[in-house]
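Let me begin by presenting the structure, written as structure tokens, before commenting on it.
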Amino acid sequence: MLLITAKDLRQRVRDRSVFLMAIVVPFGLAAIFSLVFSGVDDQERPTFAVADLDRGQIAATFTGQVLGPLERDGVIGLRTAGSEQEAAAMVGRGDADAAYVIPAGFTRAVLGGQAAELRVIGNVDAQIGSFVARSVAEAFVADVRYVRVALAAKGGGTPEEALAVPAPAGVESFTAERRQLSLAEGFSAGMAVFFLFFTVQFGFSSILDERRDGTLSRLLAAPVPRSTIVFGKLLGGFVVGVVSMTVLVVASGLLLGAEWGNPIGVGALLVAGVLAATGVMAMVATVASTAEQAGNVQAVVAVLLGVLGGVFIPIQQMGGAFEWLSMATPHRWFIQGLADLNGSDAPVLAPVPTLALLAFAAVTTGAALLRAGRMLRP
């Protein structure tokens, strides 16, 4: 088996096209996509103008204890305006995404239980920033309303005493269980797994090449079981696939800045993905009668699975029936596995995607082995 694998590998090395298909083209496309989509996922920090015409205690609380920490954490940027007209002009020129106007008498109205108004001026061309500004203002207004209710419940008192009253409800943050790659990383992973199917197809289908060239009869005449020939061919495709994926993952991490997560989990996912691709291409090859026919059918299947698996269109943007169909492809599980391993608090392994890929490998390789007999005819 090892002799058969070594012979196939030597042939593939002499055929320089394997390097082109396995490394150069997928890495080149991944590099192009990474450059095109670099920074697309990064949200630009919104800038807000603040016109504090009140200068009172409640206004200072809003600017100092609400907006101040957001600015220090790098969430927003702040600019000072001397009047409402100046704040509106800054928004109109695009110097600010939105503006807060705290009118004179705001603090007195709040403390006196009267109607108070906090104005938000949004930029029509900065809808996300305007939405953030309005959300921050609404959260502050909700806190002010809570202070008033607490004061009324206590029968009077100071705002400090009202804040000491326990809140009726709280908010707790959790890390999302489902992660996703950036667009650049997603396309890098997609190109790698897409061309993997073209890379491993030369393994099992080379049986048809042996039959065309007349060397299959010599293999069948050798004192070895036929299963040895089959597994030798499968092993050749698997080795080329592992080498190709390893080079692409390492190169994209070093040269393109991709972050793939724990090496152990990535390695397990990579091996499972190569096994799945090898099994799928082997099963497809069993329906062909010639090497040319096998190559054509395998190419169609590889492209179809790539499209459904989210290689060209991010899975999170597919939705509907396409998202469900993508689960029937190894590409979807490989990309999802890398996404699960991405992030600072990511697990060591991505068990569900890895097991799904191994299931693909077991089913398709088993089907290929059951049908391999028809290919082993001289």
>> Charges on Cβ only, +1 for Lys and Arg, -1 for Asp and Glu, centred on the Cα centroid of the range 187-278; of S217, I207, L248, which one is farthest towards the dipole's positive end?
In response: S217
>> At 7 Å along Cα-to-Cβ for each site, give me the label-to-label distance between V120 and E84 in nm.
In response: 1.7
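Could you sort L256, L341 by their accessible area in this structure, using a 1.4 Å probe and putting the largest first? Display every interim value, and only then the final one.
On the way: L256 55, L341 0 Å².
If we order L256, L341 from most to least accessible, we get L256, L341.
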> Quick one: what does P(r) look like for the range 50-150 with 10 Å bins over all Cα pairs, in whole %?
Replying inline: 16, 49, 30, 5, 0
> To the nearest 10 square angstrom, what accessible area does F204 show with a 1.4 Å probe?
Replying inline: 10
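The values are calculated or read from the model by the stated rules, or taken from the named source; none is laboratory data. Owing to the predicted nature of the structure, the values given are computational and were not obtained by experimental measurement. Cβ atoms come from the backbone with ideal geometry, glycine included; neighbour counts cover every protein chain shown. Note: areas computed on protein heavy atoms with side chains; ligands, DNA, RNA excluded. Shrake-Rupley method; radii C 1.70, N 1.55, O 1.52, S 1.80 Å.
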